[in-house]
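Q: Below is a structure I'd like to ask you about.
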């Protein structure tokens, strides 16, 4: 099965489900993000089925894509949510998410964010340092509440991914060192009356394409779990994080079923509820970035296709040197391909969407930058005073504008000139 299950060619024209990308570009302009509802639902259901009746909670990592429509679709499917800011908490609640299915991760939660989450009554705080634990206990005391906590433990496992998205090594900023975890759990259980231990958590990185690091981390966490239970510390859930990769190019990540099955087998017959925090593997291949060729520039040593999408719209290539497949919206099988550098209009040499792509192009051609559903719009910016792109959700033949294109007037509305 193609990784782009909802993006297919019909008579050499690329469609999103039953909607023409040409028609979407005409109606909403470019650049714009286009998502498939069917692909999103299918990905979530694949995760859910893989647990085969095991007590579990899928907590979508909101940072991957936080559009309200996407959050609402997942909430209606029964999804939980992994948040990393107070803003993400407000988004999830506005989208209809259940507070009792929200886990709050992140190394730098501030007092206002903690207060907001305690008021909402979330499932769990994934605490990442002893100082955070003490601060949360004090705040909960002031609010006359009990804060449910899970310690995010750093298992020192090499995720074998890009160093910027590796989070489980001892030199990373994330989590509590394994060597300190038992002591801090003991402190939480016996010395801090306004926190209640509910879980044990880890997360080792993103875009993992092998199962072994997941299992190595799981085994370390299970050994810690056994030691905690021997001390009488009750753990209700085991949060094994997220990070399952997708195929952008030639990667061959485990299937969702194989990944979930391996995690469940590692946990064995233990009674704890299993939590996972998928983001990219839920939304990555459900979306694309639609862009138009503005100019073709044939230089002595390189050919450039200058498009209207840029690094502010899709940061991943500039930030990680990440690869995204780039497809023509209309195939030209009889034309001769050239090798192009697909670049944007931003004034940075790092403003590129793809290097050395074989394409047959003319001015105004439409291109689809694939696998852009995760960390595309959510990492976009207004660099060069560029309004952020529109977002579109396709549902069969229906086309929904789920975020209007920004205007320059909106960007400067809150700025003031000195009197």
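Just so it is clear, none of the values below were taken in a lab; they were calculated from the coordinates. Being a predicted model, the structure only gives us computed values, none of them experimental. Because the Cβ atoms are built from the backbone with ideal geometry, glycine has one as well, and the counts that use them run over all protein chains shown.
Q: Rounded to the nearest 10 degrees, what's the angle between the helix 68-77 long axis and the longest principal axis of the chain, both from Cα atoms, 0 to 90?
A: Taking the Cα atoms of the chain, the angle to 68-77 is about 50 degrees.
Q: Taking Cα atoms, how many degrees apart are the long axis of helix 256-267 and the longest axis of the chain, rounded to 10 and kept between 0 and 90?
A: The angle comes out at about 10 degrees.
Q: Counting alpha carbon pairs within less than 8 Å and at least 6 residues apart, what relative contact order, in whole percent, applies to the chain?
A: 19 percent
Q: Given the rule -39500 (n - 2.57) for each run of at least 4 DSSP H residues, summed and divided by the residues of the chain, what is its mean residue ellipticity at 222 nm, to the nearest 500 deg cm²/dmol? Don't jump to the answer; show the numbers that get you there.
A: Working: 12 runs with 123 residues, N = 419.
-8500 deg cm²/dmol, from helical runs alone.
Q: Rounded, prolate or oblate, given the Cα gyration tensor of the range 105-278, with a/c below 1.5 counting as rounded?
A: Prolate is the answer for the range 105-278, as a/c is 1.5 or above and a/b outweighs b/c.
Q: Rounded to the nearest 5, what % of the DSSP beta bridges within the chain are antiparallel ones? Let's see the in-between values first.
A: Numbers: 34 of 72 bridges.
Around 45 percent antiparallel, to the nearest 5.
Q: What does the C-alpha gyration tensor say about the overall shape of the range 370-415? Classify as rounded when a/c is under 1.5, otherwise prolate if a/b is larger than b/c, or oblate.
A: Because a/c hits 1.5 or more and a/b fails to exceed b/c, the range 370-415 counts as oblate.
Q: Same structure, new question: Listed highest first by mean packing, meaning other Cβ atoms within 10 Å per residue, what order do 79-86, 355-362, 39-46 come in? Intermediate values should be presented prior to the final figure.
A: Values: 79-86: 24.0, 355-362: 14.6, 39-46: 18.6.
Ranking, from highest mean packing down: 79-86, 39-46, 355-362.
Q: Something else about it: Could you give the spread of the C-alpha atoms of the range 215-331 along their three principal axes, from largest to smallest, in whole angstroms?
A: If we take the Cα atoms of the range 215-331, the spans are 70, 26, 22 Å.
Q: Let me ask something additional. Of all the C-alpha pairs in the chain, what % are more than 38 Å from each other?
A: Within the chain, distances greater than 38 Å cover 26 percent of Cα pairs.
Q: For the residue pair residue 231 and residue 52, what label-to-label distance in nm results when each label sits 7 Å from Cα along the Cα-to-beta-carbon direction?
A: 3.5 nm
Q: Provide the percentage of antiparallel DSSP beta bridges, counting only those with both residues in the range 105-278; round to the nearest 5.
A: Roughly 5 percent of the DSSP beta bridges within the range 105-278 come out antiparallel.
Q: Now a separate question. By how many nm would the segment from residue 26 to residue 297 grow when fully extended, if each residue of separation counts as 0.36 nm and the alpha-carbon distance is taken off?
A: 95.1 nm
Q: Over the chain, with a Gaussian network built from C-alpha contacts below 10 Å, which listed residue (328, 300, 213) shows the highest mean-square fluctuation?
A: Largest GNM mean-square fluctuation: 300.
Q: Further question on the same structure: Against the longest principal axis of the chain, how steep is helix 111-120, in degrees 0 to 90 to the nearest 10, with axes from Cα atoms?
A: 80 degrees
Q: Classify the range 321-415 from the C-alpha gyration tensor, please: rounded if a/c falls under 1.5, else prolate or oblate depending on whether a/b exceeds b/c.
A: It is oblate, given that a/c is not under 1.5 and a/b is not larger than b/c.
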